[in-house]
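Down below is the structure, laid out as C-alpha cells.
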Amino acid sequence: MVTRSKASAVILSSFILASALSACSSNNNGGSASPSPSESAASPSASAPASESASAAPSETPAGIDTSEHVTLQFYMLGGEPKDLSAIEKKINEMSEKELNATVKFNFTTWTNWDQKYKLLLSSGQDVDLIFTADWTQYQSYAKSGAFLALEDLLPKASPTLYEFVPQDMWDAVKIDGHIYTVPATYKEYVNNGFVYREDLRKKYDLPVPKDIASFEEYLDGIKKNEPGIQPLSMNADVKGNMMDVFREINDDTVGGPLPYGIGIKYSSPNDVYSYWGSDEQINDLKVIQRWQEKGFFAKNVLNVQDTMQDPITTGKAAAMLGDNPTRYNDTKMKMQSTHPDWELGYTPFAETRGFATPVHPIHNGFAVPKNSKNAERALAFYEKMVTDKRYNQLTEYGIEGTHYTIEDGYYKMVGDATSNGFPREGMQGWAWRNPEYMLFDKSYDGVKAIFDELDKIAKPDLFTGFAEDYSSYQAERAALEQVEKQYFYPLYAGLVKNVEEGVKTAMEKANKAGLQKVQEAYKTQWLAYTSEKGIQ
C-alpha cells in the first residue's frame with residue numbers, strides 16, 4: 001500500500017486549516033496578514049524526485065468491491081490528446097485488466113468550445129465514469145445541481161488508499177452542501193497569472209519589462225515595430241477567458257476566479273457586489289483592447305483562431321501572452337527551448353502589480369464521477385491507482401521512460417523535442433492526479449520554485465472558491481445570457497467594435513432583455529449569504 005509522507009500531510013493540512021480559519025475570522029476587508037504556505041514536503045521546492053522515493057508496490061483490489069464483470073471505463077480530460085496516447089493507454093490497460101478487471105478509454109474534448117462539450121457530457125446522459133473538475137469548469141455549480149455522485153460513502157470502500165492519501169482538510173474544503181463530489185489534487189501550487197514574453201527580443205530591442213498594462217503595451221509596440229513577421233500577442237477565439245478575464249486580473253483585486261454574468265466583486269470589499277458589465281470600468285478596459293486590435297497586436301480574425309495560446313510562442317509566431325500561470329509558463333519555455341535553445345522566455349507575475357497571490361484552493365484540480373456512471377466503484381478504484389500507484393502515475397504524467405523522457409541527476413529530461421516527442425511532460429493535462437512523492441521536474445522548473453517562493457511572501461488565502469452557486473431558479477435566463485455574451489460581448493472582448501460605448505449599450509440592452517438583473521440579484525443574494533455564513537467582511 002502506498003502511503004504519503006506524514007510530514008507532507010501534516011504541513012499541507014495545517015496550511016489549508018489556517019486558510020479556512022482565516023476565512024472565518026477575517027473582518028477587515030482582507031487586509032489582515034494571511035498565513036504563508038509552509039516550505040514543506042508538499043511544496044514543489046521540496047518534493048523529492050520520484051527516483052528517490054520509495055517504490056510503490058502494486059496496490060491490491062479493494063476487498064469491498066465486485067470486480068467479477070469486466071468493464072471499460074470512460075475517462076474524460078479537457079484539451080487535446082498527446083500523439084502517443086494509444087501507447088500509454090495500452091500499457092495502462094495491461095495492468096488495470098489484471099488488477100481491476102477493467103480497461104479504460106482516455107477521451108479528450110480539445111480546447112475548442114470545451115465548455116460546451118463539457119456541459120453536453122454532463123447533461124446528455126453520455127457514458128462517462130470519470131471527468132476532470134475545477135473551479136473554472138464550474139465544479140461548485142455542477143455539484144450543487146446534482147451532476148456528480150456524492151463520494152463520501154464510496155471512497156472508503158472503493159479507494160481506501162486514496163481516501164487516506166488526501167488530507168481530511170482537503171476533503172472538507174471541496175464539500176458542497178456537506179457532500180464530497182470530487183477527489184482533489186494534493187499538490188500545492190500557484191495558478192495566478194503573469195505576463196509571458198520573449199525575453200531575448202526584449203533585451204535585443206531594449207524594451208521594458210512588462211509589469212502592468214502600460215509597460216506591456218510598450219513591449220508589444222516594440223515587437224510590432226522591430227519584428228514585423230511576428231504577431232506581438234498570442235490570442236485565440238476564447239477572448240473571454242484568455243483576454244477579458246485575464247485583463248481584469250492584472251490591476252484588479254477581483255476575488256477568486258472569473259465571475260459570471262458580468263458581476264464584479266473585489267477581494268478587498270467582498271460584500272460590494274456590482275455590475276462590471278456596462279460600467280465605466282468595463283468601457284475603459286475595452287478601449288484598451290480595441291486599441292491593441294487597431295495596432296495589429298493580435299489577429300483581426302481572432303474569433304476564428306483555434307490554436308492554443310502557447311503554440312504560437314513555442315514556434316516563434318507570436319512574442320507574448322497576456323497571462324499564464326508559472327507552471328504552464330515553464331512548460332511553454334521548455335518546449336520552446338527544445339527546438340530553439342537560443343530563445344529566452346520571460347515571466348512577470350501579476351502579483352507584483354496586484355500586491356498579493358492566492359495558492360490554489362483544493363477545488364482547483366480534481367476528478368468526479370458523474371451521476372450517470374454505471375461503474376462508480378471501479379472508477380474510483382482505478383483513479384486510486386492513477387494517484388497512488390507509481391507505475392500508473394508516472395506513466396500517465398510523463399510517458400514511457402527511455403521513449404518519452406529520461407531522468408538525469410534527478411531531473412526530468414524530454415527525449416527529442418516538442419515537435420518529435422509523442423508524450424511531453426504532463427501530456428494528458430494530468431494536473432489533478434499529481435502525486436508530490438512521484439513528481440518529476442525538469443531543471444528549468446527551479447525557476448518556477450523561485451517564483452512560488454516569492455509568491456509565498458505575499459500570499460493571501462482563497463476565501464471565495466468554496467462558494468457554490470445554485471442557478472436552478474434562473475436556468476433559462478442563465479442560458480440566454482450565455483448566448484448574449486457570445487454574440488454581443490465577445491466582439492467587444494476581441495476589440496472588433498469601433499464605437500465601444502455604443503457596443504456596450506447594445507450588449508446591455510440585449511442582456512437586460514435576457515434577464516440580467518434577475519440573475520445578478522439572485523447571485524448577489526447567494527453570495528452575501530455565503531460571506532455572512534463564513535464571517536467574511
Across the stretch 302-330, the tally of residues that are surrounded by fewer than 23 Cβ atoms within 10 Å (Cβ to Cβ), farther than 18 Å from A237 by Cβ and within 20 Å of the chain's Cα centre (by Cα) stands at 3
Odd one out for T419 among (1) assigned to a loop (DSSP other than H, G, I, E, B); (2) touching a Gly at 6+ places or on another chain (Cβ under 9 Å): (2)
V209 vs (1) in contact with a Phe, Trp or Tyr (Cβ under 6 Å, 6 or more places away or on another chain); (2) over 30 Å from G466 (Cβ atoms); (3) of a type in the set (A, V, I, L, M, F, W, C): all pass except (1)
In the stretch 448-467, anything more than 19 Å from A185 (Cα to Cα) and in contact with a strand residue (DSSP E or B) (Cβ under 8 Å, 6 or more places away or on another chain) is listed as I451, E454, L455, I458, A459, K460
Which residue, of N393, N421, is within 23 Å of V183 (Cβ to Cβ) and modelled with pLDDT of 95 or more? N393
Filter result (in contact (Cβ under 8 Å) with a residue 12 or more places away in the chain, out of contact with any Pro (no Cβ under 8 Å at 6 or more places or on another chain) and surrounded by 15 or more Cβ atoms within 10 Å (Cβ to Cβ)) within the stretch 113-126: W114, D115, Y118
Please go through (1) farther than 24 Å from K119 by Cβ; (2) part of a helix (DSSP H, G or I) for V497 and return the number of the only condition it doesn't satisfy. (2)
Look at the stretch 200-237 and say how many of its residues are touching a residue at least 24 places away in the same chain (Cβ under 8 Å) and more than 16 Å from K295 (Cβ to Cβ). 9
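What tally of residues in the stretch 73-91 results from selecting those that are over 20 Å from Q310 (Cβ atoms) and surrounded by 15 or more Cβ atoms within 10 Å (Cβ to Cβ)?
The number of residues fulfilling the criteria is 8.
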Only one of (1) in contact (Cβ under 8 Å) with a residue 12 or more places away in the chain; (2) buried (at least 18 other Cβ atoms within 10 Å of the Cβ); (3) not polar (S, T, N, Q); (4) not in a strand (DSSP E or B) is not met by Y197, so which one is it? (4)
Qualifying position, being buried (at least 22 other Cβ atoms within 10 Å of the Cβ), of a type outside the set (D, E, K, R) and at pLDDT 95 or above, among A476, A511, A529: A511
Assess whether Q483 counts as being closer than 23 Å to N113 by Cβ and modelled with pLDDT of 95 or more. yes
Of the residues that make up the stretch 268-278, is at least one of a type in the set (F, W, Y) and surrounded by fewer than 18 Cβ atoms within 10 Å (Cβ to Cβ)? yes
Does Y523 satisfy being in contact with a Lys or Arg (Cβ under 9 Å, 6 or more places away or on another chain), over 30 Å from F75 (Cβ atoms) and modelled with pLDDT of 95 or more? no
Determine if the stretch 92-99 includes at least one residue that is buried (at least 16 other Cβ atoms within 10 Å of the Cβ), in contact (Cβ under 8 Å) with a residue 24 or more places away in the chain, over 17 Å from E426 (Cβ atoms) and small (G, A, S). yes
What are the pairs with Cβ atoms under 7 angstrom where one residue, in the stretch 148-163, is more than 12 Å from V183 (Cα to Cα) and the other, located anywhere, is crowded, with 19+ Cβ neighbours inside 10 Å and of a type in the set (F, W, Y)? Sequence gap at least six, or different chains. P156/Y163
Picking from A185, A158, which residue would you name as being touching a Lys or Arg at 6+ places or on another chain (Cβ under 9 Å), buried (at least 20 other Cβ atoms within 10 Å of the Cβ) and farther than 26 Å from R328 by Cβ? A158
Here is a list: F467, F382. Which entry is touching a Phe, Trp or Tyr at 6+ places or on another chain (Cβ under 6 Å) and closer than 23 Å to T133 by Cβ? F467
Taking into account only those residues within the stretch 466-494 that are part of a loop (DSSP other than H, G, I, E, B) and of a type in the set (D, E), which is nearest to the chain's Cα centre (by Cα)? E469
With respect to Y329, determine if the residue is in a strand (DSSP E or B) and aromatic (F, W, Y). no
Can you list residue pairs whose Cβ atoms sit under 7 Å apart, with the first residue in the stretch 311-339 being within 24 Å of K188 (Cα to Cα) and the second being basic (K, R) and buried (at least 22 other Cβ atoms within 10 Å of the Cβ)? Count only pairs 6 or more apart in sequence or on different chains. D331/R425
Out of I283, I265, report the one residue that is closer than 28 Å to A479 by Cα, over 20 Å from the mean Cα position of the chain (by Cα) and crowded, with 17+ Cβ neighbours inside 10 Å. I265
Working only within the stretch 230-254, note down all residues that are in a loop (DSSP other than H, G, I, E, B) and either surrounded by fewer than 19 Cβ atoms within 10 Å (Cβ to Cβ) or modelled with pLDDT under 80 (or both). I230, D252, D253
Is it the case that some residue within the stretch 411-427 is under 23 Å from D453 (Cα atoms), buried (at least 19 other Cβ atoms within 10 Å of the Cβ) and not charged (D, E, K, R)? yes
Of all residues in the stretch 431-452, how many are within 19 Å of F382 (Cα to Cα) and without any contact (Cβ under 8 Å) to a residue 60 or more places away in the chain? 0
From M77, M95, residue being at pLDDT 50 or above, hydrophobic (A, V, I, L, M, F, W, C) and more than 24 Å from the chain's Cα centre (by Cα): M95
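Across the stretch 400-410, what is the total count of residues that are of a type in the set (D, E, K, R) and either buried (at least 17 other Cβ atoms within 10 Å of the Cβ) or assigned to a loop (DSSP other than H, G, I, E, B) (or both)?
Count: 1.
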Kindly indicate whether M386 is part of a loop (DSSP other than H, G, I, E, B) and hydrophobic (A, V, I, L, M, F, W, C). no
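The values are calculated or read from the model by the stated rules, or taken from the named source; none is laboratory data. Please read these numbers as outputs of a predicted model, since none were measured by experiment. Glycine gets a Cβ as well: all are built from the backbone with ideal geometry, and neighbour counts include every protein chain shown.
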